[in-house]
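The values are calculated or read from the model by the stated rules, or taken from the named source; none is laboratory data. These numbers were taken from a predicted model, which means no experiment stands behind them. Virtual Cβ from ideal backbone geometry, glycine too; neighbours counted across all protein chains shown. These accessible areas exclude ligands, DNA and RNA; they are computed on the full protein's heavy atoms, side chains included. Shrake-Rupley method; radii C 1.70, N 1.55, O 1.52, S 1.80 Å.
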Amino acid sequence: MQAHRRNTAFELWGSHARWHRTACGMALACALIASLAAGRSAQAAAEKSAQAAADTSGQLEEITVTARYRKENLQKIPIAITALRADQLEAHGFGNIVDVAKVAPNVTLQQSGSNGGKTAVAFIRGVGQSDFTLSFEPGVGFYIDDVYFGTVFGAMFDLGDIDRVEILRGPQGTLFGKNSEGGAVRIFTSQPKGDNSGYVDVGYGSYNRTRIKGAYDFSIIPDKLAMRVSGGMNTVDGYVTRYDFVCLHPTLAGNLPRLTNAPDCKIGHEGGDTVETLRANVRWTPNENLDVRFSADALKDTGQPAATKTLALTPGGALADYNNNVLLNPSSGFYTGVPIDSRFITNSPYSTYSTFKDLSTGISLNPANNVDSWGVSNTVKWNTPVGLQVKNILAYRGYSGNFTFDAAGAPLSTVMYANPDFIHHQFSEELNVGDTAYHGKLDWVVGAYYYDGYSKQGNGPVLLTSAELVPPNPSPFCTIGCYGLNFMTNDPVIVKNKSLFVHANYHITDRFSTELGVRYTDESKTYTFSRVLLPINPSDILFTPVFDPDFPSLAGFANNPSAVSKTSRFDPKVAFQYQWTRNLMTYVQYATGFKGGGINPHPVYASQVVPFKVETLASYEFGVKSQWFDNRVRLNGAVFDSNYRDLQITVIGAAGADIVQNAGRVRIEGVEGEAQAEPIPGLEVDASFGYLYYHTLDLGSAAGVAGGPTLDTKPPYIPTWKFNIGAQYEINLRSVGRLTPRLDWTYQTKVFNDPSNDPLAAQPAYGLLDARLTWATPFKGWQAALEIQNALDKVYYINKYDDSGSFNTVDGQPGLPRTAFVSVKRSF
């Protein structure tokens, strides 16, 4: 009954998609009407703001963060943080949370390839998680208005009406939310002020990218109750073109059927997307001591499969069996006379022969990459009569999603992959109480956190091949009676977390402070495999279809086996900071964190349904924060040394099952720096760099495993060096307005995308140049901008997927080529 109610909720959301678009349009219409009505007051406010800015010309603006539950100057807290305000996000042209990684040192945020759908691959200082499988916990925590998001799938957050973004590097957990081993990414939305302000922003660009978004902030009860409504739509066509191979190359296509008669032979695209968002924030302040906030948001992301290019088809293995026993064997029943080989690799990085249909069998999948997400939350801040500050965050979030993946990039598929029913629901509550004692010398906070998450991978993943035959017909891959591998799953996963934390900051002197914190966590994960699994050491069957109505349970087979992974531990934090001068502070700190345990994700035998335990990180850090030349230059940096133990390493076990072992010990050393400067009025320069040395000291039981890491291999997704530099200059054109050109350059060294460091799946070092030209018109509140992303038209790959060991394919997700986008914004 509970599962039925959860599914019903998403059915209601899908049935109200038209309402969602209508409500979004109404919000934008309200914002536009208010914009036209507020012109005169906006002009007066802008003139006042301009005068205030002139008084501090040439000085950097103070950055305020809330990492320690109070508003503080970034330069005064002993935490390595990259913080970006809304205007900075706009100046960089960042539209999604993964874009922010361009300017954050030692941070990797990127979309997973088409084999992972709307999964955010997230690593901070070499620690994170890339596998969307629900067996694993995130290694980097994502938070929306202080609400933890429980999975890496669905974490590709659109940056709509945002106040700021904070990226905290290093273990987090003694201050807020769920433990985050590598670090935390915190997104804060704009809160109501009740001042009748807002904006409307429209734009158009390459690949028919069309964007419209806006917000309106208004008062319901003056000085008591305010509301901010925002929404938008961002749509873009795919940039990788799918072609009909038979149409383009009829002489090489054997007896494969033609799919289109179009002169250009195009059958679709990959990489396109349509994102619709709607949010309402309400703020009630009945008195100066009570602040109550309500929030509700919805997102509908309907996309094409992620852009995918087949890079290599490696010989031998399953591919050779498939070619010889099926495609080139006239007696197989699926004879085409055409093997899967290099003929199906296109010359352009922006084209593919993917059909999402195996033309030899007719098996097909709907090419899609979707997620529908929503959430509600309530935050209460209360300054009690006895001086205690109480904060409670109550939230409920959920999503459903699906995606498909065609590995071979050909009209004949060695593997097609689908997850049609990805469902997640979570309830969380966080209560913390804090105060200042001993005449302002002690700032303390104690808190409790509760999380209850339910997720399900329903009816997937599905591995479909031309070997997908219903028993008793044998799979053409096999010669000894085995059957096609078909993981038809419906696996529920339940995660519960109960935590207590305490954190104190004691000012020993006016300059010297110490920070102490500890977190206790009690966490459990229950994973149920809703399928039939093989018994231990079967003698006559290697693989079998699972949970198929045409294939009932067999005597001795395990039905719906489950396992539980439990964690109970303490994680401390100790820091000391010294304020040498008003503008120079240094700190040292020690902190630990962990990534929760799980259960082997893809067992074949019932004996493989076993849990794996947590992996842990202990980090030592020295940092400096400084400002120079009358606050015209800001320089921050950190050096860190981390001990990474009991890594959750996936190896290939018996019958090809994925087995996760806690093994190994790694030492991670690094240095990072960030700089901002305004050397002369109007000229702003910002830069960052990160260096990371990842040294595997021991692999334990994972040593020597085929396709696994060695002591000399580098971690996937982590560049050794990463740099960013940007500059903008505001040109006063007097009666014509102000013109601000900006350039941003990002560079990273070579990155591997698999544990074995296969050179076929490596991305060489590359750099990207982005440009933006902003015109603040003489008409107050109006602004126009031209953005050029990847201005030098660099060909590169966001990630690569090496499946050569199983299906003899290597695929890559090409980054966008050069694109242009023009926008017009009206603020009021």
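Restricting to the stretch 795-822, name every residue that is closer than 30 Å to Ala776 by Cα and touching a Phe, Trp or Tyr at 6+ places or on another chain (Cβ under 8 Å). If the condition is that a residue be closer than 30 Å to Ala776 by Cα and touching a Phe, Trp or Tyr at 6+ places or on another chain (Cβ under 8 Å), then Leu816, Pro817, Thr819, Phe821, Val822 are the ones that fit. In the stretch 610-617 there is at least one residue matching the filter, namely being part of a strand (DSSP E or B), at pLDDT 95 or above and of a type in the set (A, V, I, L, M).
Of all the listed residues (Phe576, Phe640), the sole one being of a type in the set (Phe, Trp, Tyr) and surrounded by fewer than 18 Cβ atoms within 10 Å (Cβ to Cβ) is Phe576.
Of the residues making up the stretch 546-603, those that are modelled with pLDDT of 75 or more and among the hydroxyl-bearing types (Ser, Thr, Tyr) are Ser562, Ser565, Thr567, Ser568, Tyr578, Thr581, Thr586, Tyr587, Tyr590, Thr592.
Residue by residue, here is whether (1) in contact (Cβ under 8 Å) with a residue 40 or more places away in the chain; (2) surrounded by 15 or more Cβ atoms within 10 Å (Cβ to Cβ); (3) outside any loop (DSSP other than H, G, I, E, B) holds:
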site: Glu62; (1), (2), (3): no, no, no
site: Gln75; (1), (2), (3): yes, yes, yes
site: Pro78; (1), (2), (3): yes, yes, no
site: Ala83; (1), (2), (3): yes, yes, yes
site: Gln88; (1), (2), (3): no, yes, yes
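Confirm whether Glu730 is open to solvent by less than 50 Å² (accessible area, probe 1.4 Å), in contact with a Leu (Cβ under 9 Å, 6 or more places away or on another chain) and touching a residue at least 40 places away in the same chain (Cβ under 8 Å). For Glu730, the condition - open to solvent by less than 50 Å² (accessible area, probe 1.4 Å), in contact with a Leu (Cβ under 9 Å, 6 or more places away or on another chain) and touching a residue at least 40 places away in the same chain (Cβ under 8 Å) - is not met. Number of residues in the stretch 113-133 that are open to solvent by 10 Å² or more (accessible area, probe 1.4 Å) and closer than 22 Å to Tyr527 by Cβ equals 6.
Within the stretch 618-636, can you find the residues that are in a strand (DSSP E or B) and either more than 18 Å from Ala591 (Cβ to Cβ) or touching an Asp or Glu at 6+ places or on another chain (Cβ under 6 Å) (or both)? Tyr620, Ser626, Gln627, Trp628, Val633, Arg634, Leu635, Asn636, listed by residue number. Ala765 - would you say it is crowded, with 17+ Cβ neighbours inside 10 Å and under 28 Å from Ser206 (Cα atoms)? No: the conditions fail for Ala765. Taking the stretch 148-165 as the range and being touching a residue at least 60 places away in the same chain (Cβ under 8 Å), β-branched (Val, Ile, Thr) and under 20 Å from Lys525 (Cα atoms) as the test, only Thr151 passes. Scanning the stretch 808-828 for residues that are within 27 Å of the chain's Cα centre (by Cα) and not hydroxyl-bearing (Ser, Thr, Tyr) gives Val810, Asp811, Gly812, Gln813, Pro814, Gly815, Leu816, Pro817, Arg818, Ala820, Phe821, Val822.
For the stretch 378-440, list the strands (runs of 3 or more DSSP E) that sit wholly inside it and hold at least 3 residues that are in contact with a Phe, Trp or Tyr (Cβ under 8 Å, 6 or more places away or on another chain) and at pLDDT 85 or above; which are they? Talk me through it step by step, then tell me what you get.
Values: elements: 389-406, 416-418, 421-437.
Result: 389-406, 421-437.
Please pick out the residue among Ala44, Ala86 that is hydrophobic (A, V, I, L, M, F, W, C) and either modelled with pLDDT under 85 or more than 20 Å from Lys825 (Cα to Cα) (or both). Let's see the steps before the verdict.
On the way: Ala86 fails: either modelled with pLDDT under 85 or more than 20 Å from Lys825 (Cα to Cα) (or both).
When all the criteria are applied, what remains is Ala44.
When the stretch 791-828 is filtered for residues that are part of a loop (DSSP other than H, G, I, E, B) and under 30 Å from Gly214 (Cβ atoms), the ones remaining, listed by number, are Ala791, Gly815, Leu816, Pro817, Arg818, Phe828.
Can you say whether Val292 is β-branched (Val, Ile, Thr), over 27 Å from Phe405 (Cα atoms) and open to solvent by 20 Å² or more (accessible area, probe 1.4 Å), as far as the supplied structure shows?
Working: β-branched (Val, Ile, Thr): yes; over 27 Å from Phe405 (Cα atoms): yes; open to solvent by 20 Å² or more (accessible area, probe 1.4 Å): no.
For Val292, the condition - β-branched (Val, Ile, Thr), over 27 Å from Phe405 (Cα atoms) and open to solvent by 20 Å² or more (accessible area, probe 1.4 Å) - is not met.
Residue by residue, here is whether (1) surrounded by 20 or more Cβ atoms within 10 Å (Cβ to Cβ); (2) among the basic types (Lys, Arg); (3) closer than 25 Å to Ser428 by Cα holds:
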| residue | (1), (2), (3) |
| --- | --- |
| Ile345 | no, no, no |
| Thr352 | yes, no, no |
| Phe356 | yes, no, no |
| Leu359 | yes, no, no |
| Ser373 | yes, no, yes |
| Ser377 | yes, no, yes |
| Lys381 | no, yes, yes |
| Pro385 | no, no, no |
| Lys391 | no, yes, yes |
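Entry remark, the stretch 253-273: residues being touching a Gly at 6+ places or on another chain (Cβ under 9 Å), more than 15 Å from Val236 (Cβ to Cβ) and open to solvent by 60 Å² or more (accessible area, probe 1.4 Å) number 1 in total.
Taking every residue in the stretch 271-282 that is at positive phi and pairing it with any residue that is among the acidic types (Asp, Glu) and not in a strand (DSSP E or B), at least 6 positions away or on another chain, the pairs with Cβ-Cβ distances below 9 Å are Gly271/Asp237. Selection of first residues in the stretch 693-711 that are among the acidic types (Asp, Glu) and of second residues that are modelled with pLDDT of 85 or more and surrounded by 13 or more Cβ atoms within 10 Å (Cβ to Cβ), restricted to Cβ pairs under 7 Å at least 6 apart or on distinct chains, gives the following pairs, ordered by first then second residue: Asp698/Gly664; Asp698/Arg665. One residue stands out in the stretch 733-762 among those that are modelled with pLDDT under 95 and in a strand (DSSP E or B): the one that is least open to solvent (accessible area, probe 1.4 Å), namely Ala762. Of everything listed in (1) surrounded by fewer than 17 Cβ atoms within 10 Å (Cβ to Cβ); (2) more than 26 Å from the chain's Cα centre (by Cα); (3) modelled with pLDDT of 75 or more, the single unmet condition for Thr479 is (3). Only a single criterion out of (1) open to solvent by less than 10 Å² (accessible area, probe 1.4 Å); (2) without any contact (Cβ under 8 Å) to a residue 60 or more places away in the chain; (3) over 11 Å from the mean Cα position of the chain (by Cα) is not satisfied by Leu168, namely (2).
Can you list the strands (runs of 3 or more DSSP E) found entirely within the stretch 92-190 that contain at least 1 residues being of a type in the set (Ser, Thr, Tyr) and at negative phi?
Where strands (runs of 3 or more DSSP E) fall fully within the stretch 92-190 and carry at least 1 residues being of a type in the set (Ser, Thr, Tyr) and at negative phi, they are 107-111, 140-144, 147-149, 183-189.
Out of everything in the stretch 215-240 that is polar (S, T, N, Q) and buried (at least 20 other Cβ atoms within 10 Å of the Cβ), what residue ends up being farthest from Thr336 (Cα to Cα)? Don't jump to the end; show me each part of the working.
First, the residues of the stretch 215-240 that are polar (S, T, N, Q): 219, 230, 234-235.
Among the residues that remain, those that are also buried (at least 20 other Cβ atoms within 10 Å of the Cβ) are: 230, 234.
Working: Ser230: 54, Asn234: 42 Å.
It comes out as Ser230.
Tell me which residues, restricted to the stretch 136-155, are buried (at least 24 other Cβ atoms within 10 Å of the Cβ), farther than 23 Å from Arg68 by Cβ and touching a Gly at 6+ places or on another chain (Cβ under 9 Å). Once the filter is applied, which keeps residues that are buried (at least 24 other Cβ atoms within 10 Å of the Cβ), farther than 23 Å from Arg68 by Cβ and touching a Gly at 6+ places or on another chain (Cβ under 9 Å), the stretch 136-155 yields Glu137, Gly150, Thr151, Val152, Phe153, Gly154.
Residues that are surrounded by fewer than 20 Cβ atoms within 10 Å (Cβ to Cβ), assigned to a strand (DSSP E or B) and under 23 Å from the mean Cα position of the chain (by Cα): does the stretch 660-672 have at least one? Steps first, please.
Looking only at the stretch 660-672, we keep the residues that are surrounded by fewer than 20 Cβ atoms within 10 Å (Cβ to Cβ), and these are 662, 665, 667, 669, 671.
Those still in the list that are assigned to a strand (DSSP E or B) too: 662, 665, 667, 669, 671.
Then keep just the ones that are under 23 Å from the mean Cα position of the chain (by Cα); that gives none.
No.
For the stretch 495-514, the set of residues classified as open to solvent by 70 Å² or more (accessible area, probe 1.4 Å) and assigned to a strand (DSSP E or B) consists of Lys496, Lys498, Leu500, Tyr506, listed by residue number.
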